Amino acid sequence: MVASIISGKEFASRLRKKVTTQVSKLKSSLGSVPGLDVILVGNNPASEIYVKNKAKQTIEVGMQSTKHMLSKNVSEDELLKQINTVNIDDSVHGILVQLPLPDHINTQKIINSIEPTKDVDGFHISNVGLLATGQKAMIPCTPLGCLFMLKDYHQDLSGLNAVVVGRSNIVGKPMAQLLLNENCTVTVAHSKTQDLPKVCRQADIIVAAVGIPEFIRGDWIKPGATVIDVGINRISYQDSGTTKPKLVGDVNYDEAIAVAGAITPVPGGVGPMTIACLLANTTTAFCRINNVEEPSWN
Ligand code: GUN
């Protein structure tokens, strides 16, 4: 068996088109567009690239984009003041504080200072609770993108065995909640899980979010299973005597593709979906704030 490739790149492109259409309709009917403000503290090169890409795509779909670049030495109080300014600004509908933050700043305190209706990352404790209780929440972008692709491929996820490998607040935990809300039987596996290969072999769906390059091997996968690879790991490999860089996921792709029924590639899988979902979330936040019907995105 050779797995079907689930192209996040193509899916994200279609989602951005839907967002563009919605933004244009909202502009016509309400005379305003969603605004996304991104706050970056310091100059972590990876974060700078993410923030630049987010701003570029925000503008491309017709939204308002504002970047707030703060020094790595900014105090927690100054950062809280900046967040309060955007919290009360009616032209701002989505707020994202790029993580990680410097060590002297309490990340959870910062996240919980964001107005929950504008928390397009879905990291605020209110949104975590709303998702956990199956209520209307802002949903973290990466797991939301994974869910969109899974629902598009399977239509109905009800009754399927899903194994989420990784238990982070950003991906693993919200992914498990989303799959549970879709009536999957969910196992959250992690570094202390006993006999992880055996646990994975039970899965109709594997979501790999451990951050270890090519960790999940082909013989851990049940034939025909769907594999969603959230990992983005930069490794180097030898090619005719020279060292070259390469991007790989948390799944050994060459092994998995021979066993799985469907798989997301790296790059071109989950990665592009994250920013597309951020744009969708910002549009959803705009609709909720303005009390107009929100798009379904399906
Ligand atoms: N850093 C890495 N991923 C993310 C994300 O999804 N949101 C934020 N705010 N920071 C990140």
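The values are calculated or read from the model by the stated rules, or taken from the named source; none is laboratory data. It should be emphasised that the depicted structure is a prediction, and the values quoted were computed from it without experimental measurement. Using ideal geometry, Cβ is built from the backbone for each residue, glycine included, and neighbour counts are taken over all protein chains shown. SASA here: full protein model, heavy atoms, side chains in, ligands and nucleic acids out. Shrake-Rupley method; radii C 1.70, N 1.55, O 1.52, S 1.80 Å.
Table for the structure above
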read-out: For Leu130, solvent-accessible area (1.4 Å; no DNA, RNA or ligand), Å²; value: 50
read-out: Rounded to the nearest 20 debye, dipole of region 168-243 from Cβ charges on Lys, Arg, Asp, Glu; value: 220
read-out: Inter-site label distance for Asn181 and Gln202 at 7 Å from Cα along Cβ, in nm; value: 2.4
read-out: Region 1-125 - Debye-derived log10 I(q)/I(0), Cα point model, q = 0.15, 0.22 Å⁻¹; value: -0.76, -1.30
read-out: Cysteines without a disulfide-compatible partner [the chain; Cβ-Cβ under 4.7 Å]; value: Cys146, Cys184, Cys200, Cys287
read-out: Extreme residue, positive dipole direction of the chain, given options Pro34, Asn291, Thr193 (C-beta unit charges); value: Pro34
read-out: Gyration tensor verdict on the chain (Cα atoms; rounded if a/c is under 1.5, prolate if a/b is larger than b/c, oblate otherwise); value: prolate
read-out: His93 accessible area, 1.4 Å probe, all protein chains in place, Å² to nearest 10; value: 10
read-out: Anisotropy class of region 101-206 from Cα gyration tensor, a/c 1.5 cut; value: oblate
read-out: Helix axis angle, 76-87 relative to the chain longest principal axis, alpha carbon, degrees; value: 80
read-out: 17 Å Cα-Cα reach of Lys54 towards aspartates and glutamates, excluding residues that sit fewer than 8 places from it in its own chain; value: Asp37, Asp119, Asp121
read-out: Solvent-accessible surface (1.4 angstrom probe) belonging to Ile221, in square angstrom, nearest 10; value: 10
read-out: Rounded tilt (10° steps) of 270-289 against the dominant C-alpha axis of the chain; value: 40
read-out: Dipole in debye (nearest 20) - region 70-218, about Cα centre, beta carbon charges: Lys, Arg +1; Asp, Glu -1; value: 520
read-out: Percent RCO, i.e. relative contact order, over the chain, from Cα pairs under 8 Å lying at least 6 residues apart; value: 22
read-out: Segment Ala46-Ser4, length gained on full extension (0.36 nm per residue, minus Cα span); value: 12.0 nm
read-out: Global form of region 203-298, assessed from the alpha-carbon gyration tensor, a/c cut-off 1.5; value: oblate
read-out: 0 to 90° range, to nearest 10: angle between helix 8-30 axis and the chain longest Cα axis; value: 20
read-out: Members of Lys9/Lys192; Lys109/Lys173; Lys18/Lys72; Lys72/Lys136; Lys67/Lys118; Lys67/Lys173 lying beyond 26 Å, as alpha-carbon distances in this model show; value: Lys9/Lys192; Lys18/Lys72; Lys72/Lys136; Lys67/Lys173
